[in-house]
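Working notes, structure below.
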Amino acid sequence: MLAKAQPGSPSAAKPRHVLASWRNDGLPIAIQDFAPATESDLTLAHDPNYVRGVFSGELPNGFGNHDPGVARSLPWTSGAMLAAAR
């Protein structure tokens, strides 16, 4: 979740800044391990053909590009959200 920020989008750097702010405020922060989301997890919310297409680079991801780095990060960002929800 501590991805390198891309030009024009501060979103990828937000988790790093939030964590640093909480630590600077002295909040008791515990970083928890989590499992990446599986393709099966992702198909609970998205069409299986879309999921496979994004992972293979054949279809644009949610950012409208075919960046393989985004595809590689999806199990981890989605897994983090699932872990937080659980």
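The values are calculated or read from the model by the stated rules, or taken from the named source; none is laboratory data. This is a predicted model, so every value here is computed, not measured. All Cβ positions, glycine included, derive from the backbone under ideal geometry; neighbour counts span all protein chains shown. Remember, those area values only see protein heavy atoms, side chains included, never the ligands or the DNA or RNA. Shrake-Rupley method; radii C 1.70, N 1.55, O 1.52, S 1.80 Å.
Roughly how many percent of the accessible protein surface of the range 33-78 is carbon and sulfur, given a 1.4 Å probe and a whole-percent answer?
Within the range 33-78, the accessible surface is 58 percent carbon and sulfur.
For helix 14-24, report the angle its Cα long axis makes with the longest principal axis of the Cα atoms of the chain; keep it between 0 and 90° and round to the nearest 10°.
Roughly 20 degrees between the two axes.
With the crude spin-label approximation of a point 7 Å out along Cα→Cβ, what separation in nm comes out for N49 versus S21?
Distance between label points: 4.2 nm.
What does the charge add up to near P48, with Lys and Arg as +1, Asp and Glu as -1, over the other residues with Cβ less than 14 Å from its Cβ? Intermediate values should be presented prior to the final figure.
Details: positive: R52; negative: E39, D41, D47, E58.
Net charge around P48: -3.
Need one word for the chain: rounded, prolate or oblate. Basis is the Cα gyration tensor (sqrt eigenvalues a ≥ b ≥ c); a/c below 1.5 gives rounded, then a/b vs b/c decides.
The shape class here is oblate.
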